[in-house]
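Step one of this worksheet: look at the structure below.
The values are calculated or read from the model by the stated rules, or taken from the named source; none is laboratory data. Not measured: the values here are computed from a predicted model. Cβ sites come from the backbone with ideal geometry, for glycine too, and all protein chains shown count toward neighbours. What goes into the accessible areas is simple: the full protein's heavy atoms, side chains included, and nothing from ligands, DNA or RNA. Shrake-Rupley method; radii C 1.70, N 1.55, O 1.52, S 1.80 Å.
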Amino acid sequence: MNKIDIIIPAYNEEHRISDTLSQYANFFSNNTQLTIVLNGCTDNTHEIVKLFQQDHPEIISIINIPEAIGKGAAIIEGWKKSTADIVGFVDADNATQPDEFEKLIKTIDGHDGVIASRFLPESQIINRQSTLRTIMSRAYILFVKLLFQLPYSDTQCGAKLFKRNVIQRILPELKHADMSFDVELLWKLKKAQTDIIEIPTIWVDKPGSAMLGSTGNFLKTGANMLAKLAKLRFF
């Protein structure tokens, strides 16, 4: 049976990570590892994760990085240390619940990777927090398609899974630690002629992302993300 390592990057997630770890640790068996990569946390996230690790030492491991290195860099560090056959990541907010992540695991056979999508016809978003956020997400994805010619309806959903040997081929090329990480990852995999498929997911929208900031800052964050995409593509 293939060993699976799910990386969970966490930056100041004390209010949201308990629900994620509780559900994931109780759902998956011992052939699935949960690697929590803490980076630059200044709240009680580390203490909360340590308590879960004590209760589930067979499935939960911790990488603690003192600096805030960003989601992408945290995932990369987790992948570098992993020895699993299949590696992936999921966001710390439990927007992708374990039964939905399991669909990725059940689908990956015969492919190099599989990513979840919130925007396929069969997908569902529950408890939508912001229409503005949805509009910006769609605009971002359109911009990605124009720049990178990626075939996916949703590059940014925080649930992805890959064969480890495929990730190892492109890992040294990944440079972007912020939210453009997902695009760079899929772009490099496309250039490597890998077979990455997209499946619909049920996604539970969660407020309070430490990465996106408040609603008032969302437009500014989106503009910065678009500028970084242009830099990734042309420079």
For residue 111, the accessible surface traced by a 1.4 Å probe with all protein chains present amounts, in square angstrom to the nearest 10, to 50 Å²
Of all GluC sites (Glu not before Pro) in segment 30-98, the ones in DSSP coil with at most 15 other Cβ atoms within 10 Å are 58, 67
Calc'd 3J(HN,Hα), segment 34-44, phi into Karplus 6.51 cos²θ - 1.76 cosθ + 1.60 (θ = phi - 60°), Hz, glycine/Pro = x, comes to 10, 9, 8, 9, 7, 9, x, 5, 10, 10, 9
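Starting from the Cα-Cα distance between residue 29 and residue 146, subtract it from 0.36 nm times their residue separation and give me the gain in nm to one decimal.
Values: separation 117, 0.36 × 117 = 42.12 nm, distance 4.07 nm.
That works out to 38.0 nm of additional length.
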Counting only protein heavy atoms and leaving out ligands, DNA and RNA, the solvent-accessible surface of residue 137 at a 1.4 Å probe, in Å² to the nearest 10, equals 20 Å²
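Going by accessible area, probe 1.4 Å, with all protein chains left in place, what is the ranking of 232, 142, largest first?
Values: 232 15, 142 105 Å².
Greatest to least solvent exposure: 142, 232.
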Judged on accessible area alone, 1.4 Å probe, highest first, 133, 118, 128 line up as 128, 133, 118
Here, residue 165 and residue 81, labelled 7 Å along Cα→Cβ, have an inter-label distance in nm of 2.6 nm
Counting only residues 5 or more apart in sequence or on a different chain, those whose built amide H sits under 5 Å from that of residue 56 are none
Expected vector for segment 165-172, Karplus 3J(HN,Hα) from phi with 6.51, -1.76, 1.60 and θ = phi - 60°, integer Hz, x for Gly and Pro, equals 5, 6, 4, 4, 5, 10, 4, x
Taking 231, 103 and ranking on accessible area (1.4 Å, protein atoms only), highest first, one gets 231, 103
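Rounded to a whole number, what % of the accessible area of the chain do carbon and sulfur atoms account for, probe 1.4 Å? Display every interim value, and only then the final one.
Details: 5530 of 10820 Å².
C and S fraction of accessible area: 51 percent.
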In the chain the DSSP beta bridges are antiparallel at a rate, in percent to nearest 5, of 25 percent
Residues whose modelled amide H sits under 5 Å from the amide H of residue 7, counting only those 5 or more places away in sequence or on another chain, are 35, 88, 89, 90
Counting only protein heavy atoms and leaving out ligands, DNA and RNA, the solvent-accessible surface of residue 3 at a 1.4 Å probe, in Å² to the nearest 10, equals 90 Å²
Once amide hydrogens are built 1.01 Å from N within the peptide plane, the residues lying 5 or more places from residue 120 or on another chain with amide H under 5 Å from its amide H are 201
Classified through the alpha carbon gyration tensor (a ≥ b ≥ c as square roots of its eigenvalues; rounded if a/c is under 1.5, else prolate when a/b is larger than b/c, else oblate), segment 142-189 comes out prolate
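Can you tell me how the chain classifies by the Cα gyration tensor, rounded, prolate or oblate, using a/c under 1.5 as the rounded cut?
Details: a/c = 1.39, a/b = 1.17, b/c = 1.19.
Note, shape of the chain comes out rounded.
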